[in-house]
Amino acid sequence: MSAVQVKKILVAVDLSPQSASVAEYAVCLAKALDAEILAVYIAPTLGHYVGFHVPASSMENFVGEVITGAEKSMEDFVKEKFSDLRAEGRVISGYAAEEIISQAKENNADMIVMGTHGRAGLDRILFGSVAEKVVKSSHVPVLTVRPDNPASG
């Protein structure tokens, strides 16, 4: 039986203020385990906006601007939060839960760290939870960080 090894941690962030808390947990784990970090942000695709009666060219420009802005934000986020670690940031377009799982597999991640938005009631039923979908479908352990439970220390 082989010992568990965590050498790569996929950190899924939405680049909101809560992402700092998610990053703190990832940094703690990466330092303790001598692991590298792959931070990912999943940008929405054009499919997220179907039915909005906006010309496709305008929508493509909008999504392109979102991705460009997210890439700059991710670059800053990685420099600020993971400066003393082996870390890389990527912006991917798609459906969040599916892309997080796909990226974890493609990049041989040993663990996923991500935030939850703590939705409850009808909101959760209607929208579901990206974190819940990832936890249920992931082939590797998933650490979820609630927004109202920031890392202390």
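Tabulated results
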| read-out | value |
| --- | --- |
| In segment 1-42, residue nearest to ARG90 (Cα to Cα) [restricted to those that are modelled with pLDDT of 95 or more and among the acidic types (Asp, Glu)] | GLU36 |
| Residue list for segment 55-105, filter: closer than 22 Å to ALA20 by Cβ, of a type outside the set (Ser, Thr, Tyr), free of Cβ contacts under 8 Å to residues at least 24 places away in the same chain and not in a helix (DSSP H, G or I) | ASP84 |
| Those residues of segment 67-88 which are over 14 Å from VAL27 (Cβ atoms) and not hydrophobic (A, V, I, L, M, F, W, C), in sequence order | THR68, GLY69, GLU71, LYS72, SER73, GLU75, ASP76, GLU88 |
| Criterion (modelled with pLDDT under 95 and under 16 Å from the mean Cα position of the chain (by Cα)) met by exactly one of GLY94, GLY121, GLY47 | GLY94 |
| Residue count for segment 14-35, restricted to those that are open to solvent by less than 70 Å² (accessible area, probe 1.4 Å) and not hydroxyl-bearing (Ser, Thr, Tyr) | 12 |
| Any chance HIS53 is more than 14 Å from GLY94 (Cα to Cα) and at pLDDT below 90 | yes |
| Inter-residue pairs, beta-carbon under 6 Å, first charged (D, E, K, R) and in segment 128-146, second surrounded by fewer than 16 Cβ atoms within 10 Å (Cβ to Cβ), 6+ apart | ARG146/GLY118 |
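The values are calculated or read from the model by the stated rules, or taken from the named source; none is laboratory data. Just so we're clear, the structure is a prediction, and the values are computed from it rather than from any experiment. Backbone-built Cβ (ideal geometry, glycine too); neighbour counts: all protein chains shown. All accessible areas refer to the heavy atoms of the entire protein, side chains included, with ligands and DNA or RNA removed. Shrake-Rupley method; radii C 1.70, N 1.55, O 1.52, S 1.80 Å.
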